[in-house]
Amino acid sequence: MQKNLIYIAQLISLIVMWIFVIGIAIWILNLISISVELRDAPGVSIGISIIAIPVFFTIASILTYVFVGLQKDYKSNSKTSLEG
Amino acid sequence: MSKKIDYRNEIDATLYKPIYETGKGFYITVGIFLLLFLWALFMYITQVWFGLGVTGMNQPVSWGFYIVNFVFFIGISHAGTLISAILRLSKAEWRRPITRMAEVITAIVLAIGGLHPILDLGRPDRVLNIFTVGRLQSPLLWDVTSITAYFTASTVYLYLPMIPDIAKLRDKGGKFTWFYKFASWGWQGTEHQKKVLNRAINILMVMVIPIAISVHTVISYIFSMTLQPGWHSTIFGPYFVVGAIFSGIAALLIVMIVFRKVFHLEDYLKKVHFQYLGTLLLIMSLLWFYFTFSEYLTGIFAAEPHEMHIILYKFTGPYAIFFWMMVICNFLIPVIILGFKRFKTITGVLIASIAVVIGMWLERLNIVVPSLANPRMELTVGMYVPSIVEWALFIGGISAFVLGFVLFSKFFPLISIWETEEGRKESVKEVEKRVKSYLPGGEIITK
């Protein structure tokens, strides 16, 4: 039971990270749309976003990769020890 | 928590001790700094209630301690992730007891520094405007973006190498096992898990270096993108990055020396660590002097009247004391102490590091205030005297840093245990292999 709760909490923390990253991407896209609407140097905004958005997505992807990678072994080992 | 937990027979028992045993010193330190922090909080509430009139800021000096401290704290944050990433990337074996502390400094100081622009707002609720009507083409918004990216990357970069150590604490049991179970992400130390973790750390350490450099470059843009004399400089980007790394190394050395003494980490943090980092501090001091010299020489040579006005304000005017103190602290003291083997003891390194931290804070003060005090328009020359509220919030920032660091050390080891173990097992073999690979005749090296 506790094991499942901890797993759910871990999943939630990862989801929160993705919500944060997607939130930032939406915020930046919103700022680009404002600059386009106001014709206020949209090129600069797009330039910044091209660098910023992938950075956040890469960080979240690395975390997800580690989580999935660690859980894969953890689950298969737990299963083996139960069967044993 | 844990008299039952047996850690004393471990080789690295010294690293577990602060987590499982709480001395009087811990409560006294937390008590003192918590009080200071609460005092700062009270002062901040006073500021929100009465407005920015309670600060020493006025026209024409509309940026004071808060922006100085913002630049200063963000600069200190370069201690960590950047230095740690460079040491990891260059496979410097002596990095192992240093990297964790460096990464913790970054995460805590970035959080503190990042909040300072909000302190500078008379109406903190207006920070929400950046979400709705922010202008991404403004360097201020570049700051928000790059600091958020650096904070996110640094926190992840601090967290990932901690996973094996968190799993060790989980396996030992005790009061917070549920928390360690949650944070260890199912780490069991299998080959596959090690491969996954190392791959992720390797990607992050390459990523974090340009992010860290971009942060302080962008901070310099707040100043250099204006046409303000004393600020409008093309070398401000690298000048700020050099200053940030410089102050970061100094802060790291202070933390290392203090915690070495308090937690008895003499077996881990040896003289060689302080000598290597001391040499790095000396190099940064020379580099800082070179940039400062170039910055002022070009200004003096061109002799543009407004620029000269500010230079003289710093050299011989009201800010002369701060300017020359800055030169003494950032150049003379570190060069004299770190340039001679005789003075390059741990105490010497501590004195040089404290001087550099003070000197770098003065440098930020010298950049922010004089340019504002001498406006281009025909206004009277301003004078900035910080109020008690600003001093309180400065002390509050430092208290938050000490509290954050002390609390971290209560839950996690300050020196990476698994990396120390790995070093014992593999570093000699690894270094030998590396030397053999590039040294002519390396194959004749025998054990």
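Figures for the structure shown
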{"quantity": "Pair list, Cβ under 9 Å, 6 or more apart: region B:51-70 residue more than 20 Å from B:Q228 (Cα to Cα), other residue aromatic (F, W, Y) and open to solvent by less than 20 Å² (accessible area, probe 1.4 Å)", "calculated": "B:T55/B:F65; B:T55/B:Y66; B:G56/B:F65; B:G56/B:Y384"}
{"quantity": "Lone qualifier among B:I203, B:I209, B:I283 - being modelled with pLDDT of 95 or more and closer than 17 Å to B:I86 by Cα", "calculated": "B:I283"}
{"quantity": "Qualifying residue in region B:269-289 (condition: of a type in the set (V, I, T), part of a helix (DSSP H, G or I), open to solvent by 50 Å² or more (accessible area, probe 1.4 Å) and under 22 Å from B:E363 (Cβ atoms))", "calculated": "yes"}
{"quantity": "Subset tally (residues that are assigned to a helix (DSSP H, G or I) and facing chain A (nearest Cβ under 10 Å)) for region B:127-138", "calculated": "4"}
{"quantity": "Boolean, B:I118 is outside any loop (DSSP other than H, G, I, E, B) and free of Cβ contacts under 8 Å to residues at least 60 places away in the same chain", "calculated": "yes"}
{"quantity": "Subset of region B:175-185 [crowded, with 17+ Cβ neighbours inside 10 Å, facing chain A (nearest Cβ under 9 Å), on the phi < 0 side of the Ramachandran plot and not polar (S, T, N, Q)]", "calculated": "B:K181, B:F182, B:A183"}
{"quantity": "Out of B:L379, B:L350, sole residue that is touching a Leu at 6+ places or on another chain (Cβ under 8 Å), open to solvent by 20 Å² or more (accessible area, probe 1.4 Å) and farther than 30 Å from B:K168 by Cβ", "calculated": "B:L350"}
{"quantity": "Lone unmet requirement of (1) at the interface with chain A (Cβ under 9 Å from one of its Cβ atoms); (2) outside any loop (DSSP other than H, G, I, E, B); (3) more than 30 Å from B:V435 (Cβ to Cβ); (4) touching a Pro at 6+ places or on another chain (Cβ under 9 Å) for B:S146", "calculated": "(4)"}
{"quantity": "Single match in B:A92, B:A79 (criterion: over 30 Å from B:M377 (Cα atoms), more than 14 Å from chain A (Cβ to nearest Cβ) and buried (at least 19 other Cβ atoms within 10 Å of the Cβ))", "calculated": "B:A79"}
{"quantity": "Members of region B:186-199 that are at the interface with chain A (Cβ under 9 Å from one of its Cβ atoms) and of a type in the set (S, T, N, Q)", "calculated": "B:Q188, B:T190, B:Q193"}
{"quantity": "B:V349 vs. criteria among the β-branched types (V, I, T), in contact (Cβ under 8 Å) with a residue 60 or more places away in the chain and in the same structural domain as B:L287 (by TED's automatic domain parsing)", "calculated": "yes"}
{"quantity": "Identity of the residue in region A:50-71, polar (S, T, N, Q) and either at the interface with chain B (Cβ under 7 Å from one of its Cβ atoms) or in contact with a Ser or Thr (Cβ under 6 Å, 6 or more places away or on another chain) (or both), that ends up least open to solvent (accessible area, probe 1.4 Å)", "calculated": "A:Q71"}
{"quantity": "Some residue of region B:180-195 being in a helix (DSSP H, G or I) and touching a residue at least 40 places away in the same chain (Cβ under 8 Å)", "calculated": "no"}
{"quantity": "Some residue of region B:228-238 being in a helix (DSSP H, G or I) and either aliphatic (A, V, I, L, M) or in contact with a Pro (Cβ under 7 Å, 6 or more places away or on another chain) (or both)", "calculated": "no"}
{"quantity": "Region B:121-144: number of residues that are in contact with a helix residue (DSSP H, G or I) (Cβ under 7 Å, 6 or more places away or on another chain), without any contact (Cβ under 8 Å) to a residue 12 or more places away in the chain and within 19 Å of B:V71 (Cα to Cα)", "calculated": "3"}
{"quantity": "Selection within region B:401-422 - more than 18 Å from B:L269 (Cβ to Cβ) and within 19 Å of the chain's Cα centre (by Cα)", "calculated": "B:F401, B:V402, B:L403, B:G404, B:L407"}
{"quantity": "Test: residue in region B:48-55 that is over 15 Å from the mean Cα position of the chain (by Cα), closer than 20 Å to B:L362 by Cα and open to solvent by less than 20 Å² (accessible area, probe 1.4 Å)", "calculated": "yes"}
{"quantity": "Subset tally (residues that are more than 8 Å from every other protein chain (Cβ to nearest Cβ) and surrounded by fewer than 17 Cβ atoms within 10 Å (Cβ to Cβ)) for region B:200-227", "calculated": "7"}
{"quantity": "Residue pairs meeting the criteria (Cβ under 6 Å; at least 6 apart or on separate chains; first among the aromatic types (F, W, Y), in region B:219-241; second modelled with pLDDT under 90 and crowded, with 22+ Cβ neighbours inside 10 Å)", "calculated": "B:F240/B:H216"}
{"quantity": "Of the criteria (1) buried (at least 19 other Cβ atoms within 10 Å of the Cβ); (2) under 23 Å from B:G397 (Cβ atoms), which one B:I118 fails", "calculated": "(1)"}
{"quantity": "Single residue of B:L41, B:L15, B:L35 found to be open to solvent by 90 Å² or more (accessible area, probe 1.4 Å) and either in the same structural domain as B:D165 (by TED's automatic domain parsing) or touching a helix residue (DSSP H, G or I) at 6+ places or on another chain (Cβ under 9 Å) (or both)", "calculated": "B:L35"}
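Here's the yes/no breakdown for (1) under 26 Å from A:S35 (Cα atoms); (2) basic (K, R); (3) not assigned by TED's automatic domain parsing to the domain that holds B:G53:
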| site | (1), (2), (3) |
| --- | --- |
| B:I105 | no, no, no |
| B:V127 | yes, no, yes |
| B:T132 | yes, no, yes |
| B:R135 | yes, yes, yes |
| B:V156 | no, no, no |
| B:P164 | no, no, no |
| B:F182 | no, no, no |
| B:R199 | no, yes, no |
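Matching residues to (1) under 17 Å from the mean Cα position of the chain (by Cα); (2) open to solvent by 50 Å² or more (accessible area, probe 1.4 Å); (3) aliphatic (A, V, I, L, M); (4) farther than 30 Å from B:S214 by Cβ:
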{"residue": "A:M1", "(1), (2), (3), (4)": "no, yes, yes, yes"}
{"residue": "A:N4", "(1), (2), (3), (4)": "no, yes, no, yes"}
{"residue": "A:I8", "(1), (2), (3), (4)": "yes, yes, yes, yes"}
{"residue": "A:M17", "(1), (2), (3), (4)": "yes, no, yes, no"}
{"residue": "A:L31", "(1), (2), (3), (4)": "no, no, yes, no"}
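The values are calculated or read from the model by the stated rules, or taken from the named source; none is laboratory data. Everything quoted here is computed from the prediction, not taken from an experiment. A quick note on method: Cβ atoms are made from the backbone with ideal geometry, for glycine too, and the neighbour counts reach across all protein chains shown. These accessible areas exclude ligands, DNA and RNA; they are computed on the full protein's heavy atoms, side chains included. Shrake-Rupley method; radii C 1.70, N 1.55, O 1.52, S 1.80 Å.
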